[in-house]
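Trainee: Pasting a structure here, questions to come.
What follows is calculated from the coordinates using simple rules that are stated; it is not laboratory data. Bear in mind the structure is a predicted one, so any value in this text is a computation, not a measurement. Reconstructed Cβ throughout: ideal geometry from the backbone, glycine too, with neighbour counts over all protein chains shown.
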Amino acid sequence: MTTGPVHEALAGARLVDHHCHGVVTGDLDRPAFESLLTEGAPWPGISPFDTPVGIAVRRHCAPLLDLPRHAPADVYLARRAELGAPEATRRFLAATGTDVFCVDTGYTPVPLTSPGQLAETANATAYEVVRLESVAEAVASAGVEPDAYAETFRAAVEEAVRQPGVVAVKSVAAYRTGFDLDPVRPSDPEVTEAARHWLADGGRLADPVLVRHLLWTAVDLGLPLQLHTGFGDADIRLHRVDPTHLTDWLHLTAGTIPVLLLHCWPYQRQAAYLTAVFEQVYLDVGLTLHHVGPARARAILAEALEITPFRKLLYSSDAYGLAEFHHLGALSFRQGLAGLLQERVDADELSLPDALRIAAWAGGDNAHLVYRFSAAS
Amino acid sequence: MTTGPVHEALAGARLVDHHCHGVVTGDLDRPAFESLLTEGAPWPGISPFDTPVGIAVRRHCAPLLDLPRHAPADVYLARRAELGAPEATRRFLAATGTDVFCVDTGYTPVPLTSPGQLAETANATAYEVVRLESVAEAVASAGVEPDAYAETFRAAVEEAVRQPGVVAVKSVAAYRTGFDLDPVRPSDPEVTEAARHWLADGGRLADPVLVRHLLWTAVDLGLPLQLHTGFGDADIRLHRVDPTHLTDWLHLTAGTIPVLLLHCWPYQRQAAYLTAVFEQVYLDVGLTLHHVGPARARAILAEALEITPFRKLLYSSDAYGLAEFHHLGALSFRQGLAGLLQERVDADELSLPDALRIAAWAGGDNAHLVYRFSAAS
Amino acid sequence: MTTGPVHEALAGARLVDHHCHGVVTGDLDRPAFESLLTEGAPWPGISPFDTPVGIAVRRHCAPLLDLPRHAPADVYLARRAELGAPEATRRFLAATGTDVFCVDTGYTPVPLTSPGQLAETANATAYEVVRLESVAEAVASAGVEPDAYAETFRAAVEEAVRQPGVVAVKSVAAYRTGFDLDPVRPSDPEVTEAARHWLADGGRLADPVLVRHLLWTAVDLGLPLQLHTGFGDADIRLHRVDPTHLTDWLHLTAGTIPVLLLHCWPYQRQAAYLTAVFEQVYLDVGLTLHHVGPARARAILAEALEITPFRKLLYSSDAYGLAEFHHLGALSFRQGLAGLLQERVDADELSLPDALRIAAWAGGDNAHLVYRFSAAS
């Protein structure tokens, strides 16, 4: 494997992880650990360790628990339990070499570390990303009249983003409707009518009019908007979350807020197209990085970077629940990007100073430009 | 090219080819051979040998006919005729190193070897896969009243799968309607009404209601269901056979039958997503393997395996008509998968025992789990 | 990096660039140059040089201006200005090693060299490609009654293609409607009705009926039809320009005119499928080649060639405005294809004579067969 100065630079760089989640706070038995290891559900007869991410955990996480590389799953879990979840988490987060985490706090079916706890454990700074669907659902749960929904939601979001440390909002429209939506801002009567049905029927926010309304509310906020695109769990209809379905909406909202396309796989080329033609669009390949592991991170980054302007690539882990994922995401990103850039330097397709500049941009500088952390602190 | 113990293991492994067809029984002149070599039709001025698969045949099949590698097409065909089709077929099938063939017997515009003949020639065991559209069309040909269609079709399928050696059913819904179908089981009156039109108009089964009915009938049978997805001939509308269009149907049928996504290219990543989030979904990259040849098999397997659980990848050749394809499919699979795994072992991303385990699973063990051949014999 | 006789052959081959545009005739200041460098618009704070194509210009174009490889953008532009646009253009066009350019003359928001000027500068022959939308829009601008639109457009196109040196027509239906169109030829009343609305409303031709009419008019002309597919500027809805949406139309028009799928990325595999199953379909990966640069050209060509018959791949630069792009397109094509073929020769997957034959076909012979230049001169 090619190594060289770009590897050294990226191995030592302090990262900004612009989108991640907290870590499960309690100890994890094997079923609980395995259930976090996969985007599917654990299935009888198939161990979630027998996956690319399982292989990557045994290869790259075991040594941080003082085990040999490729330790068996049972040995791994026994040692993790022996050390205790807090110590394992501490080791993995420290190994990420991350200075800044932007934490999506809106999805907590199990208790997770808060941004503050994550920051303290990792000796880093944490900012918060407000998940808009969670705010909308809290508004609904608290009780609201349909014709007051729009205003109440707006007020609740404005209140949420005024909290210290909030730097962005996020939407999981991908999970709720996909992106083949009417791009136009819905009218007040449309929103009221849709709210009437939703508030009567209950359940999570999945009405197309209300999802559009949510995206347009984000535009009004002025903060960067993170959008889940591509890969996720079985709730996704993958063909409906190709981010190019957002093209008309991106035209209508040009000149307003930065839009950060998260994950993207297998649509990383489609996402790259959007970053190349829309000023406000950025991308990362988080989530994918740890699921495919270092063995394929470089191939996916290479596709993502075919036409993406180098100021448009950000790093995220999208790690959720297991600190192993924070570690693997960072490692895959460092090794994948370094491999790609170093190979080009070795082939004289890229100068070393340019390669180092691109690495620094993607590792953190681009995120600093988008989120203006110093203003948010 | 990297070689090593994984190559040795896969070169010597006995395979299960979980989806293939028979071999043309008669001798083949050049036009007949060329017409089988391509998924298109032969065209004036363009030899089907001037394709990736044609190059692969001259490279990897010529030596089995005692010719030098890269023998010209004319020389190849002359030698093949000289040896006779049965001897050529015998050599290619023996070279596959296959213990078990699952043979789709439902598509025979030209006479093909039966599963029994294929098994005898290859010194292997053959099982049968019942193509559901063929059963439905036989029911229609035999004459049936619209309101008896559903029951008659069900009875015919149940009879077909009761035959000795039947281990699975298959649908070519991809060719008939694509997968952007209403996922819900159609009602009896809907089926009767659709049958009324189809039985009056004739032709092959391509009515969306009847295709849905066929897929739901497969669910009731309880056998594994093979689904053609992705690449095929000009009858395909490729954008409609992205398997993620099946997501809603997979949710509705979760917990029932195994679903095996065949071929998949160029949607191997989309198929991989489905295997990662649905317990019942498996994939292969058959058909593609011989069309792209060993030169690209590894790249396609690498994409297919980015997130696919290692118990979810199966081997198939989807060879049809030419025993060259059975050979090339097996060779591309062995070399492609070995290259991919060995490289990871060499980079210490994967342990050798894990690599050998994954190779054994994909080469046959996974198919044994899905099809339970011993129960079917 | 692998090098060998295929690299030598392709480095020295004279190319046919079957689809390109002219070069801006005047001098270019930095904003004007940067605006041509990107398919987006130039954005404050992000230099279009900080992209893969910007890196490729500094690496591969700087030396032709007597600068060191990887010269900074400012140095590059200063030296370019010092030499003057005509001298820079002369150097880049000469470096392409192109014998024949087919020039799309239908898009000139800024003044560009004519085919004759391009030919003279490059010491090559230039043919013309008539852009059908431009002809239609000229007909509308000149004034026409709705019920005379079809006949007037047909006459104008027939007149345009009778001009000396015209070898093909082109449509940018991709930009106007995408390809998810009714494939059937529209009736005369439908065309008249659609023309009534368009001629009243003005603007560019984007009515689905008129776009279909335009494509069917192309069929009647009998000349090869170039179709923009895939990657382009922000006017594209990328998911609607996957060329497999043309499948039904290709069935209806089989046996009529050659159809050349331009660019294709990120749908190069989908385009390859069409070339493999439709006699009349060809592809190139122009535009993409210079945007991704030599560092990724090989990977994209490898995908495009997975199943494409070797007589179906053509070379184009799709260079527009900057002669740098004509140079980079040719260089990326030569190096990318040579790398791919030489590697297969080295692995004994392909014989050297076959590799050289494939290189010669793609570099020019295939274009000669499609366009019959000698007949057109």
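Trainee: Students often get this wrong, so check it: of A:170/A:312; B:312/C:312; B:170/C:312, which have C-alpha atoms separated by over 27 Å?
Mentor: Flagged as over cut-off: B:312/C:312; B:170/C:312.
Trainee: May I ask you to sort C:374, B:187, C:351 by Cβ crowding, counting other Cβ atoms within 10 Å and putting the fewest first?
Mentor: The most exposed by this proxy come first: C:374, B:187, C:351.
Trainee: For chain C, modelled as a Gaussian network with Cα springs under 10 Å, which listed residue fluctuates most, C:313, C:287, C:221?
Mentor: Of C:313, C:287, C:221, the most mobile in the Gaussian network model is C:221.
Trainee: Hey, what did the range B:168-294 get for relative contact order, percent, Cα under 8 Å, at least 6 apart?
Mentor: Dividing the mean separation by the residue count of the range B:168-294 yields 27 percent.
Trainee: Ok, one more. How charged is the neighbourhood of residue B:319? Take every other residue with its Cβ under 11 Å from the Cβ of residue B:319, and add Lys/Arg as +1 and Asp/Glu as -1.
Mentor: So the surrounding residues net to -4.
Trainee: Same structure again: Provide Rg over Rh for chain C; use the alpha carbon set for both Rg and the Kirkwood Rh (inverse mean inverse pair distance).
Mentor: Value, to two decimals: 0.97.
Trainee: Still on this structure, please answer the following. Which distances, shortest first and in nm, link residue A:375 to the matching position in the other copies, using label points set 7 Å out along Cα to C-beta?
Mentor: Result, one decimal in nm: 6.3, 6.3.
Trainee: If we restrict to alpha carbons, what Rg and Dmax does the range B:222-291 come to, in Å?
Mentor: 11.6, 34
Trainee: Taking the square root of 5 times each eigenvalue of the Cα gyration tensor, what semi-axes in Å does the equivalent ellipsoid of the range C:281-377 have, largest first?
Mentor: That gives 21, 19, 11 Å for the three semi-axes.
Trainee: Still on this structure, I have one more. Report, for residue C:206, each distance to the same residue's label point in the other copies, shortest first and in nm; define the point 7 Å along Cα→Cβ.
Mentor: Copy-to-copy label distances at residue C:206, shortest first: 3.3, 3.4 nm.
Trainee: Mean shadow of the range A:29-83, computed from the convex hull of its alpha carbons, in nm²?
Mentor: Quarter of the Cα hull surface area: 3.5 nm².
Trainee: Further question: Most exposed first by the Cβ proxy, i.e. fewest other Cβ within 10 Å, how do A:285, A:100 rank?
Mentor: In order of increasing Cβ crowding within 10 Å: A:100, A:285.
Trainee: Here is a further query. What is the set of long-range amide H partners of residue B:286 at a cut-off below 5 Å, with H atoms built 1.01 Å from backbone N?
Mentor: Residues meeting the amide H criterion: B:263, B:316.
Trainee: Inside 10 Å of the C-beta atoms of A:247-257, what's the mean count of C-beta atoms belonging to other chains?
Mentor: 1
Trainee: Then there's this: Tell me the net charge near residue B:104. Cut-off is 9 Å between Cβ atoms, residue B:104 excluded, with +1 for each Lys or Arg and -1 for each Asp or Glu.
Mentor: Every neighbour counted, the sum reads 0.
Trainee: May I pose another question? Grab the Cα-Cα distance for residue C:346 and residue C:235, subtract it from 0.36 nm times how many residues apart they are, and report the gain in nm with one decimal.
Mentor: Residue separation times 0.36 nm, minus the Cα-Cα distance, leaves 35.7 nm.
Trainee: Relative contact order of chain C, please, whole-number percent, based on alpha carbon pairs below 8 angstrom and at least 6 residues apart.
Mentor: The normalised contact order for chain C reaches 22 percent.
Trainee: How big is the gap, in Å, between the Cα center of the range A:292-367 and the Cα center of the range B:9-84?
Mentor: One Cα centre to the other: 43 Å.
Trainee: Any idea how far apart residue C:123 and residue C:107 come out in nm if each label point goes 7 Å out from Cα toward Cβ?
Mentor: 3.0
Trainee: Can you work out D for the protein assembly as shown in µm² s⁻¹ from Stokes-Einstein, where Rh is the Kirkwood radius over C-alpha pairs, the temperature is 37 °C and the viscosity is 0.692 mPa s?
Mentor: Answer from the Stokes-Einstein relation: 106 µm²/s.
Trainee: Something else: What are the residues whose amide H is under 5 Å from the amide H of residue B:281, where those residues sit 5 or more places off or on another chain and H is modelled from the backbone?
Mentor: B:259
Trainee: Residue separation times 0.36 nm, minus the C-alpha to C-alpha distance between residue C:148 and residue C:162: what's the value?
Mentor: So the extension gain works out to 2.9 nm.
Trainee: Can you tally the net charge around residue C:200? Count Lys and Arg as +1, Asp and Glu as -1, for every other residue whose Cβ sits under 13 Å from the Cβ of residue C:200.
Mentor: Residues near residue C:200 contribute -3 overall.
Trainee: Under 5 Å between amide H atoms, partner at least 5 residues away or on a different chain: which partners does residue B:235 have, H built in plane at 1.01 Å?
Mentor: Long-range HN contacts for residue B:235: none found.
Trainee: From the backbone phi of the range B:215-231, what are the Karplus-calculated ³J(HN,Hα) couplings (6.51 cos²θ - 1.76 cosθ + 1.60, θ = phi - 60°) in whole Hz, Gly and Pro given as x?
Mentor: Whole-Hz 3J(HN,Hα) from phi for the range B:215-231: 5, 6, 5, 4, 4, 5, 5, x, 8, x, 10, 8, 10, 5, 9, x, 2.
Trainee: Identify the residues of the range B:155-191 with backbone N under 17 Å of a label point that sits 7 angstrom from the Cα of residue A:201 along the Cα-to-Cβ direction, or state none.
Mentor: Under 17 Å, as judged by backbone N against the label point of residue A:201, lie B:183-184 of the range B:155-191.
Trainee: Which FRET efficiency, nearest 0.05, do residue C:79 and residue A:180 yield, Cβ-Cβ r, R0 51 Å?
Mentor: Here the calculated transfer efficiency is 0.60.
Trainee: Each residue of the range C:340-355 in turn: what ³J(HN,Hα) in whole Hz from Karplus with 6.51, -1.76, 1.60 and θ = phi - 60°, glycine and Pro shown as x?
Mentor: 5, 6, 5, 4, 5, 5, 4, 8, 6, 8, 8, 7, 4, x, 5, 4
Trainee: Take chain C, connect every pair of alpha-carbon atoms lying under 10 Å apart with a spring to form a Gaussian network, then pick out the residue of C:21, C:263, C:239 with the largest mean-square fluctuation.
Mentor: Looking only at C:21, C:263, C:239, the largest GNM fluctuation is found for C:239.
Trainee: ³J(HN,Hα) across the range C:124-130 via Karplus (A = 6.51, B = -1.76, C = 1.60, θ = phi - 60°), whole Hz, x for Gly/Pro?
Mentor: In residue order, the calculated couplings are 9, 9, 10, 10, 10, 10, 8 Hz.
Trainee: Here's a follow-up. Can you list the copy-to-copy distances for residue C:154, using a point 7 angstrom from Cα toward Cβ, in nanometres, shortest first?
Mentor: In nanometres, ordered from closest: 5.6, 5.6.
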